[in-house]
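J.: Mind having a look at this structure? Questions to follow.
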Amino acid sequence: MPKITINGQEVEVADGLNLVQAAESVGVTIPHYCYHPGLPIDGNCRMCLTEVEGARGPQIACNTFVKEGMVVKTDTPAVEKMRKGVQEFLLLNHPIDCPICDQAGECRLQDYYMEYGQYDNRSMVKKVSKEKAVDLGPNVVLDQERCILCQRCVRFTDAVTKTGELVVANRGDHSAIETFPGMELDNPYATNVVDLCPVGALTSKDFRFKQRVWFLQSAKSVCTGCAKGCAITVDHKDGVAYRYRPRHNPEVNTYWMCDEGRMTYKRINEDRLRSALIDGREVAYGTAVDAVVTKLKSVVELYGAESVAVVGSPHSTVEDNFLVNRLAREAVGTSKVWALALTPDGSQDDFLRRADKTPNRTGITFLGYNDDAESLKAALNSGAIRMLVMVNTDLLTEGDASWQEALAKVPTTVFFATHDTEGARKAGVTLPVAMHAETYGSFVQENGILQKVMRAFDPTGDVLPVWEAVGMLAARLGKAFGYDDMEQIWEDLGKSYPALAGQTFYALPEHGLSLPAGAGAAPMAASR
């Protein structure tokens, strides 16, 4: 690892880094617009100019790579003057419409002006006007006047999606981002250009004018749209999710996410079940739990514990499924336990989208669940199942005719549901439960990387996280698990699964925990 000197301090940095990355690794910020670590280096904005001892003139930090003994200065008066000059040129034709710009609050022009600008406008020439609200495609709008031509968006469509929809047209101060003739920005990852844009030029049609970003709060999470499990940030306010943004995870999605997954944030807000139901009628949560307990005890007494089947879900977290299995085996006493979803396969490509639209199928395999749908159907058809408990798996309405015939033979159904669906209304008892943005937990994506999700906000209405609802039911059946916090669940997960031994939930690595191949599938025998 080379040793370099930054602003008079000798530091050791990783080999192969450019100066932007090297400085950042030791807590020094070099401002930049065009540079992005996930894109080819362009070096056109000149905002990252620095002084390098021995070099002929200022050097752009994004395309200057560390060497042993290099001496770099990023805070000299000359560097400050250069940054101020770059800002002045970038703002020469820029409309000062911050109050109506959707990027206000997360705009680098604003941030860098306050840090390095602070000048009086010297231009006596009328600003060059360009097109406003240009419709680039289904998801993205362009304001050419605000564009600083960093060309991040162009490089993204050239180097990442390789679809080449965007170009720089014209010359000089009339240059502008446009779509290639006869094309529109309509690839499965198009909205990433909005995240890439450092100013307010590219905006999302979905998020445009919905919220001011400084009113939003953010939580680290995982996209539940498919088995890839892209790391994301959930931006929210007052219990409403407003957008997903990709979060850097080099092991999963690097810097990107697909537009399909990005739009799944809407599921958190729409058609949610907020009250418990008995035969479709709203009741208090406790009343519904009592009804389940009464029915369970009656069925077990008359037909035995094996007459109860419990179904977990690859849409639920590792922790939720862990407790669902404990509920079945320890509180009810049945071995008739499955975890499956009838979610149909969807779109797929060789980048991030996966046909499997469940976020935790690898997780239920790790936990040792039976995911054989046909064996569950056979058990239902046998008539031996007198009560079916489903968690986040809507067998009542998602299955085909053969499933409906099998379910018709089950006298009692209980559904832990997130949404107010036909299936929720059809179940004998339905308990509303939280979604991933409303609880803590973890998912295991397709390659065995376990990633945690942090609660963004509390659920609205009479709604509990699955692990709390299951714990309440188990306690009333005489088997109290004693869980008050996610760390307690992880203590027992570590006892049952060697791959998780010694791990704690809140200390899980930022980029996830890679589970060894073949890990898991142990019986869930831990108890408190």
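J.: Among the residues of the range 169-188, which ones are in a loop (DSSP other than H, G, I, E, B), touching an Asp or Glu at 6+ places or on another chain (Cβ under 8 Å) and either within 17 Å of residue 150 (Cβ to Cβ) or not aromatic (Phe, Trp, Tyr) (or both)? Even if it seems obvious, please write down each step before you answer.
T.: Restricting attention to the range 169-188, the residues satisfying the condition of being in a loop (DSSP other than H, G, I, E, B) are 170-171, 175, 180-188.
Restricting the remaining residues to those that are touching an Asp or Glu at 6+ places or on another chain (Cβ under 8 Å) gives 180, 183-188.
Passing the criteria: 183, 184, 185, 186, 187, 188.
J.: Which helices (runs of 4 or more DSSP H) sit wholly inside the range 323-428 and have at least 2 residues that are aliphatic (A, V, I, L, M) and crowded, with 16+ Cβ neighbours inside 10 Å? Before you say what the answer is, go through the steps one by one.
T.: Details: elements: 361-367, 373-381, 395-398, 401-407, 422-426.
Output list reads 361-367, 373-381, 395-398, 401-407.
J.: Of everything in the range 470-485, what is among the hydrophobic types (A, V, I, L, M, F, W, C) and touching a residue at least 60 places away in the same chain (Cβ under 8 Å)? Give them in sequence order.
T.: Within the range 470-485, the subset among the hydrophobic types (A, V, I, L, M, F, W, C) is 470, 472-475, 477, 480-481.
Matches in the range 470-485: 470, 472, 473, 474, 477, 481.
J.: Which strands (runs of 3 or more DSSP E) does the range 204-300 wholly contain that include 1 or more residues that are more than 22 Å from the chain's Cα centre (by Cα) and closer than 18 Å to residue 435 by Cα? Outline the logic, then answer.
T.: Details: elements: 217-222, 231-237, 240-246, 276-278, 281-283.
Per the criteria, 276-278.
J.: Let me ask something else. Keeping to the range 41-51, report how many residues are over 31 Å from the mean Cα position of the chain (by Cα) and open to solvent by 20 Å² or more (accessible area, probe 1.4 Å).
T.: Final tally of qualifying residues: 4.
J.: Go over the candidates 27, 57, 69, 38 one by one and state the one that is under 30 Å from residue 243 (Cα atoms), of a type outside the set (A, V, I, L, M, F, W, C), open to solvent by 30 Å² or more (accessible area, probe 1.4 Å) and out of contact with any helix residue (DSSP H, G or I) (no Cβ under 6 Å at 6 or more places or on another chain). Before the answer, list the steps.
T.: Working: 57 fails: under 30 Å from residue 243 (Cα atoms); 69 fails: under 30 Å from residue 243 (Cα atoms); 38 fails: open to solvent by 30 Å² or more (accessible area, probe 1.4 Å).
On inspection, the qualifying residue turns out to be 27.
J.: Given 213, 222, which one is farther than 16 Å from residue 143 by Cβ and modelled with pLDDT under 95?
T.: Values: 222 fails: modelled with pLDDT under 95.
Just one listed residue meets the conditions, 213.
J.: Name the one entry in 451, 445, 488 that is in contact (Cβ under 8 Å) with a residue 40 or more places away in the chain and in contact with a Cys (Cβ under 9 Å, 6 or more places away or on another chain).
T.: Details: 451 fails: in contact with a Cys (Cβ under 9 Å, 6 or more places away or on another chain); 488 fails: in contact with a Cys (Cβ under 9 Å, 6 or more places away or on another chain).
Exactly one residue qualifies, and that residue is 445.
J.: Can you give me the number of residues within the range 301-319 that are in contact with a helix residue (DSSP H, G or I) (Cβ under 8 Å, 6 or more places away or on another chain) and either open to solvent by 10 Å² or more (accessible area, probe 1.4 Å) or outside any helix (DSSP H, G or I) (or both)? It would help to see each step written out before you state the result.
T.: Going through the range 301-319, the residues in contact with a helix residue (DSSP H, G or I) (Cβ under 8 Å, 6 or more places away or on another chain) turn out to be 305, 307-314, 316-319.
Now restrict to residues that are either open to solvent by 10 Å² or more (accessible area, probe 1.4 Å) or outside any helix (DSSP H, G or I) (or both): 305, 308-314, 316-317.
The number of residues fulfilling the criteria is 10.
J.: So, in the range 146-170, exactly how many residues are surrounded by fewer than 20 Cβ atoms within 10 Å (Cβ to Cβ) and more than 21 Å from residue 41 (Cα to Cα)?
T.: Number of matching residues: 1.
J.: Quick check: is even one residue across the range 490-502 within 16 Å of residue 321 (Cβ to Cβ), open to solvent by less than 60 Å² (accessible area, probe 1.4 Å), assigned to a helix (DSSP H, G or I) and hydroxyl-bearing (Ser, Thr, Tyr)?
T.: Yes, the conditions are met somewhere in the range 490-502.
J.: Here are the criteria: (1) among the hydrophobic types (A, V, I, L, M, F, W, C); (2) at pLDDT 95 or above; (3) open to solvent by 30 Å² or more (accessible area, probe 1.4 Å). Tell me which single one residue 125 does not satisfy.
T.: Condition (2) is where residue 125 drops out.
J.: Let me ask something additional. Out of the residues in the range 4-19 that are aliphatic (A, V, I, L, M) and in contact with a strand residue (DSSP E or B) (Cβ under 9 Å, 6 or more places away or on another chain), which is nearest to residue 73 (Cα to Cα)? Steps first, please.
T.: Here is the first cut: in the range 4-19, the ones aliphatic (A, V, I, L, M) are 4, 6, 11, 13-14, 17, 19.
Those still in the list that are in contact with a strand residue (DSSP E or B) (Cβ under 9 Å, 6 or more places away or on another chain) too: 4, 6, 11, 13, 17, 19.
Details: 4: 11, 6: 6, 11: 13, 13: 16, 17: 16, 19: 11 Å.
Among those residues, the one meeting the criterion is 6.
The values are calculated or read from the model by the stated rules, or taken from the named source; none is laboratory data. Owing to the predicted nature of the structure, the values given are computational and were not obtained by experimental measurement. Counting neighbours? That spans all protein chains shown, and the Cβs are built from the backbone with ideal geometry, glycine included. Just the protein is used for accessible areas: all its heavy atoms, side chains included, with ligands, DNA and RNA removed. Shrake-Rupley method; radii C 1.70, N 1.55, O 1.52, S 1.80 Å.
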